[in-house]
Structures are given as structure tokens and as C-alpha cells.
1. Those residues that are touching a helix residue (DSSP H, G or I) at 6+ places or on another chain (Cβ under 6 Å) and either part of a loop (DSSP other than H, G, I, E, B) or at pLDDT 85 or above (or both), I need them from the range 230-252; list them, please.
2. Sort out for me the helices (runs of 4 or more DSSP H) sitting completely within the range 83-175 that have 3 or more residues that are within 27 Å of residue 52 (Cβ to Cβ) and modelled with pLDDT of 90 or more.
3. Got a number for residues in the range 52-72 being out of contact with any helix residue (DSSP H, G or I) (no Cβ under 7 Å at 6 or more places or on another chain), part of a helix (DSSP H, G or I) and farther than 18 Å from residue 126 by Cα?
4. What pairs come up if the first residue lies in the range 143-154 and is free of Cβ contacts under 8 Å to residues at least 40 places away in the same chain, the second is in a helix (DSSP H, G or I), and their beta carbons are under 8 Å apart, counting only those six or more places apart or on different chains?
5. Please go through the range 227-237 and pick out each residue that is more than 25 Å from residue 54 (Cα to Cα) and either under 19 Å from the mean Cα position of the chain (by Cα) or touching a residue at least 60 places away in the same chain (Cβ under 8 Å) (or both).
6. List every residue pair whose Cβ atoms lie under 7 Å apart, where the two residues are 6 or more positions apart in sequence or sit on different chains, the first residue falls within the range 238-252 and is over 8 Å from residue 107 (Cα atoms), and the second residue, located anywhere, is surrounded by fewer than 16 Cβ atoms within 10 Å (Cβ to Cβ).
7. Can you tell me which of 206, 213 is under 14 Å from residue 65 (Cα atoms), within 14 Å of the chain's Cα centre (by Cα), part of a helix (DSSP H, G or I) and at pLDDT 90 or above?
């Protein structure tokens, strides 16, 4: 009788919870779809921040800053906390024993996390495109820039989580890493046109994301659409190459 009840309970579980994916990319998608309530909350939070910002006609510089920070923390913090929880549950130890190359496992995980984050931010980006005087070119550039930064942010979050610690500790570590990157990208003070900060800003992917948002919102960005597109391509390439550097550290972290 107990066995029968257990079988009924197991069969009653959502089908997505019982699928055993072959890749971490697929696992990230299935885990997200298996928790529809959590997904709805994640979709709603960016909208709560974005709609009042645009409806209140916030200055383009500060609106672009807040939306850029939202993209950065969504990708980096989400990846870091997920990696820390996977370490606590023993998932990283099991992944380290698989015959697949470590870089492929982590790269697949990063890509899956970036896709989930893109879905989470999609309604907010649609609101930006719908309520702002954005051209087709600027809109396309914004979408590509957001996707590239989400890839990089997920890679950074996973790399930071390799240092070890629980979700709370890696949350602090990510904040320590992101804060100077966002500042040097000119998100809080603008991008100076000379000196060492101008040189640094040209290598900072968050400065280009900020410019993409400002352009979409109808402001005057520090970089034009061509520069933003080139930066997005370089950012995505670096993000896809990073797992080859820190993948073993992630899977072996304690």
C-alpha cells in the first residue's frame, strides 16, 4: 500500500521535475519551467522597477544607469547564488566526476543562466522599447547589448562563486566585483572624455550597455551604435571563453 501511494505521488509530480537533462543548459531551462510561481515573480520584479521609471519620465542618464545595474545584478548575482547552492547540494562534486570537459559543463550552465535571465528581463525591455522614442536600430542594439552583458555577468558570477562560501558570502563577493566595474563604466558619474578613466571606460562592457539604454531612451549616449555593437560582440566572445579559464575551479570549489 505504501509503495502504491509512493508511486502515485511520484507520478503526480510535474513531468518537468522528472526529466534528466544531458546538459546543464537544458537543466537550467527545465528547473525554471518547473517553478512557474518563482518565474512569475522574477518577471514581475524588473517591471516594478521599469514601469514607474519610464512613466515618471526619469532623466535618461539615471534611468539608463538603473536599468544597466538591473541587468548586471540579475546575471551576476543569479549565477553566483545558483553556483553556491549547487556546491552545497553536492551537484558540483557530481559534475566534476562526469566524463565531459569542465569548460563545456560550465559554459553550458552559463549560457542557460543567461537565457533564463533574458526571459526574466524581456518584459522590462519590451516596456522600454514601447514607451521610449527608440529607433529600430537603437532598439536592436539595446537587445544585443543586454544579451551580451547577461552572458558576461553569468560568467563573472560563476567565477566569483568559485572562491567558495554559501549564497550569502558569494552575494557580497559579487557586489565587491561589480561595484568598481559599474563605477569605472561611468554609470554613476558619466564617461569622461580624457584621462585614464576614458581609456578604462572603453574597455568596460557596462559603459556600452549604459549607452545603449540612454540611446533607446532618447538621450545622448557616450558611444554610438557601431561602437556598442562591436563591444557587444567582444563581450559575448569573452563571456564564452571565460569558462575555459575558471571551469575546473568552479567544479572543484568547496
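1. 231, 232, 235, 236, 239, 242
2. 102-131, 136-161
3. Applying the first criterion (out of contact with any helix residue (DSSP H, G or I) (no Cβ under 7 Å at 6 or more places or on another chain)) to the range 52-72 yields 52, 55-59, 62.
Now restrict to residues that are part of a helix (DSSP H, G or I): 52, 55, 62.
Narrowing further to those that are farther than 18 Å from residue 126 by Cα: 62.
Residues flagged as out of contact with any helix residue (DSSP H, G or I) (no Cβ under 7 Å at 6 or more places or on another chain), part of a helix (DSSP H, G or I) and farther than 18 Å from residue 126 by Cα within the range 52-72 amount to 1.
4. Sorted first by the residue in the range 143-154, then by its partner, the pairs are 143/125.
5. Within the range 227-237, the first condition is being more than 25 Å from residue 54 (Cα to Cα), and the residues that meet it are 227, 230-231, 233-237.
Of everything in the range 227-237, those that are more than 25 Å from residue 54 (Cα to Cα) and either under 19 Å from the mean Cα position of the chain (by Cα) or touching a residue at least 60 places away in the same chain (Cβ under 8 Å) (or both) turn out to be 231, 233, 234, 235, 236, 237.
6. What qualifies is 251/96; 252/96.
7. Details: 213 fails: within 14 Å of the chain's Cα centre (by Cα).
Result of the check over 206, 213: 206.
This table checks each residue for (1) touching a strand residue (DSSP E or B) at 6+ places or on another chain (Cβ under 9 Å); (2) over 20 Å from residue 179 (Cα atoms); (3) surrounded by 19 or more Cβ atoms within 10 Å (Cβ to Cβ).
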{"position": "193", "(1), (2), (3)": "no, yes, no"}
{"position": "196", "(1), (2), (3)": "no, no, no"}
{"position": "208", "(1), (2), (3)": "no, no, yes"}
{"position": "211", "(1), (2), (3)": "no, no, yes"}
{"position": "216", "(1), (2), (3)": "no, yes, yes"}
{"position": "227", "(1), (2), (3)": "no, yes, no"}
{"position": "237", "(1), (2), (3)": "no, yes, no"}
{"position": "240", "(1), (2), (3)": "no, yes, no"}
{"position": "246", "(1), (2), (3)": "no, yes, yes"}
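The values are calculated or read from the model by the stated rules, or taken from the named source; none is laboratory data. Since this is a predicted model, take the numbers as computed values, not measurements. So basically every Cβ, Gly included, is an ideal-geometry build from the backbone, and we count neighbours across all protein chains shown.
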